[in-house]
Ligand code: CO8
């Protein structure tokens with residue numbers, strides 16, 4: 001068990017919980033490097049079929065550790081250790097072969113919200129509050145926020161959040177499509193695991209291929225996207241799990257997927 005990140009196993013679902021409650025899970029380069037290492041291990045782990053990232057009731061994460069950022073000024077550092085890891089990490093999440101779900105209660109601000117946006121899916125309870133306060137401190141959402149938020153909610157809503165620094169409530173985020181599921185406080189931990197477990201039962205190569213196709217859809221024209229989808233389908237046709245899934249349906253039994 002790591003000090004700042006805790007790994008829990010719930011059958012085929014792995015949940016990583018940020019464990020820096022005293023600083024509302026403000027993100028340090030060390031935490032992000034540990035997260036990167038854990039995610040690589042989980043992506044290679046055939047027993048982990050879905051991953052959930054969670055915080056505590058008061059905060060999913062309030063973003064970059066501003067005290068650490070000030071210390072960099074004081075040290076006259078030219079390096080940007082947070083920047084060096086955060087962008088690569090967030091893109092890595094999209095490239096993983098399994099679903100990654102952000103499980104959000106309390107604050108999801110700045111880089112914390114960018115982390116949630118880099119996950120494939122977001123579930124939150126009614127205590128969640130979302131915002132981009134970077135313009136308050138002379139910065140901008142520089143870990144993908146200016147690119148991922150408008151793709152989810154449209155440019156006007158993204159600009160209104162980023163220009164004003166205002167925080168929106170979970171209900172508003174749900175109405176905008178910033179989160180995909182909204183649950184009552186106290187239900188989040190169980191609901192996020194139950195949702196992930198539904199995905200973890202499916203054929204792993206199907207899930208990986210669907211995820212890949214959907215990210216391609218965001219960055220390409222329709223003809224290229226359809227060609228990519230057709231190729232992915234052709235690859236899946238040759239997998240053992242596809243045959244197993246179809247035979248299991250015909251034989252009226254649950255499929256036994258192996259990821260092959
Ligand atoms: N960094 C470090 N510590 C923090 C941070 C933070 N971002 N936010 C809160 N904390 C600490 C506080 O200092 C406090 O610690 P202490 O008791 O030792 O002083 C503790 O957490 C609790 O915080 P508060 O007492 O302030 O709690 P409140 O409930 O009164 O307020 C808020 C909660 C509203 C969340 C408030 O703390 C706040 O506004 N925090 C700042 C949030 C913020 O501005 N986040 C954006 C940071 S910029 C960013 O994330 C950019 C990332 C992209 C970088 C990519 C390029 C490299």
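The figures follow:
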{"item": "Cα-derived Rg over Rh, computed across the chain with Rh taken as Kirkwood radius", "result": "0.99"}
{"item": "Over segment 1-45, equivalent-ellipsoid semi-axes from the Cα gyration tensor in Å", "result": "20, 13, 7"}
{"item": "Antiparallel content of DSSP bridges confined to the chain, in %, to 5", "result": "25 percent"}
{"item": "Cα Rg over Rh - segment 144-238, Kirkwood", "result": "1.06"}
{"item": "Computed helical MRE - 222 nm, the chain, DSSP H runs ≥ 4 contributing -39500 (n - 2.57), nearest 500", "result": "-15500 deg cm²/dmol"}
{"item": "Separation between Cα centres of segment 1-51 and segment 182-251, rounded to whole Å", "result": "22 Å"}
{"item": "Kirkwood Rh in Å, taken over all unlike Cα pairs in segment 173-213", "result": "12.0 Å"}
{"item": "Segment 84-147: projected area of the alpha-carbon convex hull, averaged over directions, in nm²", "result": "4.6 nm²"}
{"item": "Relative contact order computed over the chain (Cα-Cα under 8 Å; 6+ residues apart), in percent", "result": "17 percent"}
{"item": "Point-to-point label distance, residue 227-residue 58, nm (Cα→Cβ direction, 7 Å offset)", "result": "5.4 nm"}
{"item": "Stokes-Einstein diffusion coefficient of segment 85-220, Kirkwood radius over Cα pairs, 37 °C, 0.692 mPa s, in µm²/s", "result": "213 µm²/s"}
{"item": "Segment 111-161 - Kirkwood radius from inverse mean 1/r over Cα pairs (Å)", "result": "11.5 Å"}
{"item": "Of all DSSP beta bridges in segment 83-224, antiparallel share, percent nearest 5", "result": "15 percent"}
{"item": "Rounded to whole Å, sorted largest first: equivalent-ellipsoid semi-axes of segment 1-142, Cα gyration tensor", "result": "25, 17, 13"}
{"item": "Enclosed volume per residue, in Å³, of the convex hull spanned by Cα atoms of segment 25-64", "result": "64 Å³"}
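Only the coordinates and a few stated rules stand behind these numbers; no lab work does. Fair warning: this is a prediction, and the values are worked out from it, not measured in the lab. For neighbour counting, all protein chains shown are included, and Cβ atoms are generated from backbone atoms with ideal geometry for every residue, glycine included.
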